[in-house]
Each structure stands twice: as structure tokens, then as C-alpha cells.
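The values are calculated or read from the model by the stated rules, or taken from the named source; none is laboratory data. No experiment lies behind these values; they were computed from the predicted model shown. Cβ placement follows ideal geometry from the backbone for every residue including glycine, while neighbour counts extend to all protein chains displayed. All accessible areas refer to the heavy atoms of the entire protein, side chains included, with ligands and DNA or RNA removed. Shrake-Rupley method; radii C 1.70, N 1.55, O 1.52, S 1.80 Å.
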Amino acid sequence: MDLPSYTPADAPVPAGTVVVERASTPQDIGPKLNRTAADVVRFLMQQGEMVTATQSLSDDMIELFAAEIGAEIRLVDPGEEQEVELQRLLEMDEDVSDAVYESWPHRPPVITVMGHVDHGKTKLLDQIRNANVVAGEAGGITQHIGAYQVVRDGRAITFVDTPGHEAFTAMRARGADATDIVVLVVAADDGVMPQTVEAINHARAAEVPIVVALNKIDRENADPNRVRQQLADNDLVPEDWGGETIVVECSALQNLGLDDLLENLLVVAELEDLRSTDDGRASGVVLESHLDIGRGPVATVLVQKGTLRVGEPVVAGAAWGRVRALITDVGEQVREAGPSVPVQVLGLSEPAVAGDRFVVAPDEKVAAKVASTREHWKRVANLGREAHAMAGGAKLEDIFTQIQAGETATLNLIVKADVTGSLEAVTESLRKLERDDVKLSFVHRGVGGITENDIQLAAASNATILGFNVRPDRKARELAETEHVEIRTYEIIYKLLEDIENAMLGLLAPEFEEVVTGEAEVREVFRVPRVGAVAGCMVTSGVITRNSKVRFLRDGTIIWKGAVASLRRFKDDVREVAAGFECGVGLSDFQDLKSGDIIETFEEREIPRT
Ligand code: GDP
């Protein structure tokens, strides 16, 4: 009789992550994990699962077995090993030892400019470019490809020329960190403003050093010392005040201080010891992409490692192709591009998504196959991103698991509230909940509705969003769903605290999800005697139903909550009105309406905890 052969429990397992296809059988996975099929069958039997050696296993069973023997696996859909393989190559490229890294030459720093609107980001980028760009011998015409390179004292600096934190955060949300240094532009006359603080938080969340460009120093009402104080208040203590933040006074308009700024960027770059090699397979990140009539899909990529060459097969997210041409920011066609060089790539199958990684594939077939399974690719990217985010703390729903694991758990939070007072109150009360084993990290705090930006920041930093008297708008809600970002909104502070406390105890209450059933925009407000205010609305999504619960939002902030008292179309009372139609909404006891307000009807539904 054939006795099944069992492997000793302490036999070694394969190092690193093993790719396992979904629905594998014990016969498939046993050998992959240095075990026999019999080991798998026996283990599952002990768990009460009767399976044969040739039977397909569920994800759970596979994962259970892997956990039992201490092997690390990554489940993929059948036929998608190539994608994962490519991802592995990427990771391998990134995962080099210190000694290897040290042996590489320095590379140009990649700079993103952020700051409040109108503080001079665009002007600054334009001036730096005009003053320092090295037009090629071919005398190309400078063009905006999403990034450019300038040379200063013989050393190159790369600027991402889509200013603002949207692009920066969108990129981080996709797991790509392209920026080495953030230039924070603060106008000397206007000082630190809400978007300045947001930019600081974004840069901090990404652990990217900040250099402050104290701009508009030429303005009569410039008050640089007041700005220095404001910066210090935000934990950016200027160097000349004994702190560590480089603050460069400048005027983008008059081209003053910009040389100084560049010098300082080179100093920081040197401190950061940024290195790369132009050897080997090129990889990097997509900065922007569009469809060009005539040239087809055009993607600007930033090469981060290796050298990208014309003719090579590349994959960028779901796009792939053989590189037909490489064009620089001065409009020159080049044969190759090395580390920190931004180039336009022609020859892709479709526009890539900003923030997607690109990599040169072993061959064209692999590139095509990888790109064709875009759903899977996205999942892999997500996996990478989650792993990336996990390093820095946990979401609300995971916090208890972390506490139990005996680690010091950090709960990442983004707090949005209706007014500064409540924001402070919420933050202060939350801080009191901190324990030795649970720390809170406020990734961002701000006043106003919950926006797409908040969601992206949350996705990038693995944070839960807490809203106090504010709501996400529709776009934010949709993005939160695709990015799996949890938003919890409250109108009573102790409810909020209770929830967080319970989460720390592993008792997170079932969440009552408020399902938004309809949305309408107030176009006009009528006063009707004895009825009160009636809002003439256009239903913009879903259905507005009489008697449904409703809240009014002004700029994302809840201004009133109650019920729809009456609903009319023209003169008729109706039960519901669907999207695309106008209607009159009567409210019994709320009068303070304005056109532009948003009416949101909703239902409460309990979401079971998983
Ligand atoms: P952005 O919104 O941050 O990109 O700001 P812009 O670069 O568009 O600049 C906003 C306005 O401020 C424009 O009218 C610029 O000409 C002006 N501006 C930018 N830098 C300076 C400066 O250093 N001094 C003065 N006086 N005006 C500036």
C-alpha cells in the first residue's frame, strides 16, 4: 500500500512570496511550498475540511495552510503569474542592499511645488525653467510635458510642473512616490493659508522634506517674519530661527532668490543621498498621459532606475507597447533616458494613468499579456499599496488586531469638521483616548466638507476619515468606495469618541451606513404663506421621496437635518421625483435656504462587520 509521505512540520518553506493560483489543488500547492499533497490534505482534514489531492481549494483553505507552515503566498487568478512576475521584478529592482545603493552614482532630485492658490507656484516654475533650461543642440522648443529638468552648477534638478498637491497625492494613492523634495510656496503678503497647511500635511504624510520658498518678497505688504512665525506654528521652524527648515526669500516675479532656492535644493538632495543606476531594466512612474490626435497615446514618464531606450517593450499599468520615440521637455527626440529624466513615451497601446508604475518587460509578449489583464494588474497595485500603507499605521477596523498582536498600534486619522472650534474640540477629546499601546496620528485636520483630496490622502496613508458635521460630496463618496476608504460621520461628539474607544476594545459597533438615496440642488427658494420655505430643486441623482430623511448641505457642511414634509411637481403632490426632474421640496421647520444648497435624502442601513 502507498503510504502518504508527510514532511516534518519544521521543514523549511520557500523564502519570499510564493505566487499561488486561485483554485489550486493540494497537488499544485504542496510542492510549491516544499510540502507534499498529503501534507495539505492532512492539515485540512484536521481543520474539518475533507478534500482530495486533486480537488480545487478555496482561498481560505490555501491561506490557512500557508499560514500553518509559515509560508508567505500571494494568491493570483489563473494565468496571471506573469503579471505578478513582473511586479516581482519591479520589487527586486527596488529592493537593493545598502552596499549596492551606495555604489550607485547620485541622481537628480525630483521636486514638486505645492502651496496655496495664487501664491506663485506657476510663476516660480516658469521662471526657474526659463532661466536655467538647457536647450539641446537641436534647438528644440520647450514644451510642457508634465516635468522638466534644469541644470545648475553642472548638476541637474527635475521639476514636476503640475503644481499643487492633487497630482502628488493621486500619485501616492497609487503607490508611487516620485517626489524627493517639496518646495512649499508661501506668499509673504498672504502668509500660511489652508492649502499651505494641507500641502504641509501631504508632504509630511509622504515623509518628503520641505523647502519653503517665501515668495512675493517684492510686495509692499510682504511680512516675512509673520510668515516665519506661522511656519514655526506648523512645526516648520526656520533655520535662521534655530530650526531645521530651509526658508528662502524670493520673488518669482522679479526673479530674485531663485538661484538661492536651487542651491538649497541641491544641498538637501545631497543630504538625502539620492542615488540610482542607469544600468539595467528601466522602471519608473507615469507623470501624465493623454491621447494625441496624430501621435496616439502619449505618456510622460519619469525614469527612476535604469535606462529606457527606444524599441524596448514597456508596460505602464494597463498600457503596453514598444517604445516608438522618446521626446524630452525641450522637444528633442532622444534614443534613451536615464534616472530622474522625464520623457514623453510614444508607442503605448492606450494612455496610462498618472501614478502607474512603468517597467521594461522581458519581451513584448509578456508586456502584452500583462497589460491585457488590467483588472488583475490593479489588484496587484493595490496589494503593493496596502503593504506600503500598512507600514505606517492602521485603519479603525484593523486597530484592535494590531493591539492584540502586542504591537504599539497607531490609528491614522483624517478629521474634517464644520468649524475650527469643533475641529479643535474633536481633536482634543480624541487625544485623551490615547493609551500606551494605541497612538493616534492625525494625518490631516481641516475645516470643510470631505473632498476627493481627503480620500486620496486617506488611501495613500491608510487613514480613516472622521467627519464632524460635514459630509463627503458625491465624487468623494464614489472615490472612497473604489479606494476602500472608511468615512465615519458624526453630529454628536460623544458618539464619535465612543466609536473610537470601542474600536480600540475590538468592539467596533456595527456601522450604520447612510445610503444616500437622492440628491437635489436648490435652484430657487420660495416663501409660501402658512407653508414656509419651499425649495425649487433639480434632482441631480437618485430619487427624492416624500417623508424620507433629509439633510441640507452648504459647501459640504450639514446645515440642517430633518424630513421632507411635502414634495411637489408643478401643482401636484407626488410621492417621488427622479433624477433629471425639477421639484418643489417643502420643509416644515427650516427656513434658511439658499440657492446652491444641496439636499441629500438618505436611508440608514446597518453594515455587518466582517
Ligand atoms: P499659483 O496659483 O500658485 O500657481 O500662482 P501664480 O503663479 O499663478 O501666481 C499668482 C499671481 O501672483 C500671478 O499674477 C503672478 O504674476 C503673481 N506673482 C507670482 N509670484 C510673484 C512675486 O514674487 N511677486 C509678485 N508681486 N507677484 C507674484
Q | Residues that are free of Cβ contacts under 8 Å to residues at least 60 places away in the same chain, open to solvent by less than 40 Å² (accessible area, probe 1.4 Å) and either away from the ligand (no atom under 16 Å from the Cβ) or within 22 Å of residue 267 (Cβ to Cβ) (or both), drawn from the range 212-229 | A | 212, 214, 224, 227, 228
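Sort through 263, 270 and tell me the only one that's more than 16 Å from the ligand (Cβ to nearest atom), farther than 17 Å from residue 344 by Cβ and touching a His at 6+ places or on another chain (Cβ under 9 Å).
On the way: 263 fails: touching a His at 6+ places or on another chain (Cβ under 9 Å).
When all the criteria are applied, what remains is 270.
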Q. (1) within 16 Å of the ligand (Cβ to nearest atom); (2) within 24 Å of residue 168 (Cα to Cα); (3) free of Cβ contacts under 8 Å to residues at least 60 places away in the same chain: which one isn't true of residue 236, the others all being true?
A. (1)
Q | Count of residues meeting criterion [within 23 Å of residue 275 (Cα to Cα) and surrounded by fewer than 24 Cβ atoms within 10 Å (Cβ to Cβ)] in the range 335-353 | A | 3
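Quick grid of which residues meet (1) free of Cβ contacts under 8 Å to residues at least 60 places away in the same chain; (2) among the hydrophobic types (A, V, I, L, M, F, W, C):
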site	(1), (2)
427	yes, no
437	yes, no
441	yes, no
447	no, yes
453	no, no
466	yes, yes
Q. What are the pairs, 6+ residues apart or on separate chains, where a residue within the range 474-495 that is under 24 Å from residue 560 (Cα atoms) has its Cβ under 7 Å from a residue that is assigned to a loop (DSSP other than H, G, I, E, B)?
A. 476/451; 486/395; 489/471; 491/469
Q. Any idea which of 302, 271, 265 is open to solvent by less than 10 Å² (accessible area, probe 1.4 Å) and assigned to a helix (DSSP H, G or I)?
A. 265
**Q.** Residues located in the range 6-22, provided they are charged (D, E, K, R) and open to solvent by less than 100 Å² (accessible area, probe 1.4 Å)
**A.** 21, 22
Q) Do you know which residues across the range 533-582 are on the phi > 0 side of the Ramachandran plot and either open to solvent by 40 Å² or more (accessible area, probe 1.4 Å) or modelled with pLDDT of 85 or more (or both)? A) 542, 547, 555, 570, 580
**Q.** Number of the condition not met by residue 253 [criteria: (1) open to solvent by 20 Å² or more (accessible area, probe 1.4 Å); (2) closer than 21 Å to residue 267 by Cβ; (3) within 16 Å of the ligand (Cβ to nearest atom); (4) touching a residue at least 60 places away in the same chain (Cβ under 8 Å)]
**A.** (2)
Q: Please work out which residue is farthest from residue 457 (Cα to Cα), limiting yourself to the range 346-363 and to residues that are touching a residue at least 60 places away in the same chain (Cβ under 8 Å) and assigned to a strand (DSSP E or B).
A: 360
Q) Can you spot a residue in the range 273-296 that is within 28 Å of the chain's Cα centre (by Cα), more than 16 Å from the ligand (Cβ to nearest atom) and under 30 Å from residue 228 (Cβ atoms)? A) yes
Q. Is it fair to say residue 200 is within 30 Å of residue 445 (Cβ to Cβ), within 16 Å of the ligand (Cβ to nearest atom), among the aliphatic types (A, V, I, L, M) and touching a residue at least 12 places away in the same chain (Cβ under 8 Å)?
A. yes
Q) Are there any pairs, at least 6 apart or on different chains, whose C-beta atoms fall under 8 Å, with the first in the range 103-125 and over 21 Å from residue 302 (Cβ atoms) and the second within 8 Å of the ligand (Cβ to nearest atom) and among the charged types (D, E, K, R), and if so, which? A) 115/121; 119/216; 120/216
Q) From the list 374, 281, 324, which residue is basic (Lys, Arg) and at pLDDT 90 or above? A) 324
Q: Quick one: count up the residues across the range 306-357 that are under 24 Å from the mean Cα position of the chain (by Cα), over 17 Å from residue 160 (Cα atoms) and not aliphatic (A, V, I, L, M).
A: 4
Q | Matching option when the condition is touching a Gly at 6+ places or on another chain (Cβ under 6 Å), small (Gly, Ala, Ser) and under 17 Å from residue 353 (Cα atoms), among 321, 306 | A | 321
Q: Any chance you could count how many residues in the range 535-572 are in contact with a Ser or Thr (Cβ under 9 Å, 6 or more places away or on another chain) and of a type outside the set (D, E, K, R)?
A: 16
